[in-house]
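Below: the structure, in structure tokens.
The values are calculated or read from the model by the stated rules, or taken from the named source; none is laboratory data. Worth saying up front: this structure is predicted, and the values here are computed from it rather than measured. Every residue, glycine as well, gets a Cβ built from its backbone with ideal geometry; the counts of neighbours run over all protein chains shown. Protein only, heavy atoms only, side chains kept; ligands, DNA and RNA dropped before computing areas. Shrake-Rupley method; radii C 1.70, N 1.55, O 1.52, S 1.80 Å.
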Amino acid sequence: MLAKRIIPCLDVRNGKVVKGVNFEGIKDVGDPVECAYAYNQQGADEIVFYDITASYEGRGVMLDVVRETAKKVFVPLTVGGGIKTVDDIRETLRAGADKVSVNSQAVQNPQLIKDGADIFGCQCICVGIDAKKVGENQWTVFINGGRVDMHLDLIDWVKQCEQLGAGEICLNSIDTDGVRGGFDLPMLKAVCDAVQIPVIASGGAGKLSDFAEAFLKTGCSAALAASLFHFRELTVQEVKADCRAKGIPMR
Amino acid sequence: MIAIIDYGAGNIFSVKNALDYLGLAGELTSDPEAIRKADALILPGVGAFPSAMQMLHDSGLTNIIQEEAHKKPFLGICLGMQLIFEKGYEFEECNGLGLIPGKVEKIVAPDMVIPHMGWNKLEMQHDCPILRNMPEESYVYFVHSYQAVVPDEYLAAYVEYGPAKIPAMVYDGKTVYGAQFHPEKSGEIGLQILRNFGGLIQ
């Protein structure tokens, strides 16, 4: 039986982790390679680097981070942020990433999903989506870090992503992100019911039971969190132990 | 020296990274001589069956692999595992390497998410040297939409996915191994499997 996945996300700017992680035994809390390794040791099922570097030069730094991480972390690595072209995807995968996550760029240029999937395979194209509730059971897609409403219906968009060849959806709720009151279950459920591809829940995890709740109440395949793990409020082990105790298959 | 066969398909660097990490000498190569001289072979691969077979043909490696795989430890990974069967049916019927009897078809699992992606638990079937001494709960990482259909005697381990029973490790009882999962992405368990494979080298 397929295990549900717990995915820590590291925000990286110019090769440094934003909001340094206070792991025991790590000298440089801002070093993404060290942090990824620490999450690996905690039993993370996958690791996401989200590159928030603005400059073009910064991309090279991110690729170095991926290259170094891939030498010592042997679980799947996903890189998101700043991926705009097929060449960006190719470079990122060649550096050692297993998947790329495309967000705003995919909304503005859906062909990127299709081209990426056709060339590299569906499995390595994850579409990241920021969405917000606009009515009863209705959500729209935002871009540029949740700042710009594209007036694009979420359910229409996820179906389009699936048709274009996306291998996975990472769904972030703008309404619950940072609120720490749990994942956005109605939105998550609506998306999981609309597509056959795996859906990763993102945004809102604030306590241990939030993860199991998402798995028990929706069809999501994975749950992602950043600051909760960064600040060591919870470890990946603790989350997995809680899920396991509630009968959810975990690695 | 383990030759990691580089024919243009897939993330071969991950396999090399894992061998480096384990202190096993590995070399990415498409050179027939290097493949003949190697102590063991790994055939990686990500992508579609027909295009990968075409790339193998174009590299002129098909016959060499078919010969050498029966002489020394050979491990196919993911698509590289699927290529070892007689036929594939991804998009079109296509001949494989035919190292182990069987074929490759779309996973049939109604109501289940396809691709089968993530960590699944190995269910051991027949003894297989590179799966010995594994913990009871051994999860490994899969990403695929097609699966092998193989006679039971070649099935070393499988995983359950809804109603489907998906071959995870196949073994011909001699030198040919195939892993549908990615040992190079399967954490400690995967590293142990690669370490065991390295241990087969005489």
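Below, the figures for the structure above:
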item	result
Chain B, relative contact order in percent, only Cα pairs under 8 angstrom and at least six apart counted	20
Centroid-to-centroid separation of the stretch B:4-37 and the stretch B:135-165 [C-alpha atoms, Å]	25
Local net charge near B:Cys78, Cβ-Cβ under 10 Å (Lys/Arg +1, Asp/Glu -1)	0
Sequence of A:Ile119, A:Ile155, B:Ile4 when ordered by accessible area, the most exposed leading, probe 1.4 angstrom	A:Ile119, A:Ile155, B:Ile4
Rounded to whole Hz, the Karplus (6.51, -1.76, 1.60) HN-Hα couplings of the stretch A:4-9, x for glycine and proline	7, 9, 10, 10, x, 10
Net dipole in debye of the stretch B:2-198 [+1 Lys, Arg Cβ; -1 Asp, Glu Cβ; about Cα centre; nearest 20]	200
Positive-end residue of B:Gly8, B:Pro129, B:Ala52, charge dipole of the stretch B:2-198 with Cβ unit charges	B:Pro129
Calculated Rg and Dmax of the stretch A:5-245 using C-alpha coordinates, Å	16.7, 48
Heavy-atom SASA rank of B:Arg195, A:Arg59 (probe 1.4 Å, accessible area, largest first)	B:Arg195, A:Arg59
Kyte-Doolittle mean at least 0.0 and Cα axial length at least 20 Å: DSSP H helices in chain B	none
B:Phe85 accessible area, 1.4 Å probe, all protein chains in place, Å² to nearest 10	0
Dipole magnitude of the protein assembly as shown, debye to nearest 20 (Cβ charges: Lys/Arg +1, Asp/Glu -1, about Cα centre)	640
Net charge of neighbours whose Cβ lies under 15 Å from the Cβ of B:Leu122, counting Lys and Arg as +1 and Asp and Glu as -1	-1
Accessible area in square angstrom per residue, the stretch A:5-245, 1.4 angstrom probe	39
B:His126 accessible area, assembled protein chains, probe 1.4 Å, Å²	70
Overall form of the stretch B:62-202 per C-alpha gyration tensor (a/c, 1.5; a/b vs b/c)	oblate
Average beta-carbon neighbours from other chains, 10 Å sphere, peptide A:173-185	0
DSSP loop GluC sites (Glu not before Pro) with at most 15 other Cβ within 10 Å: longest gap in chain B	B:1-85
Cβ neighbours within 10 Å from other chains - mean over A:164-171	1
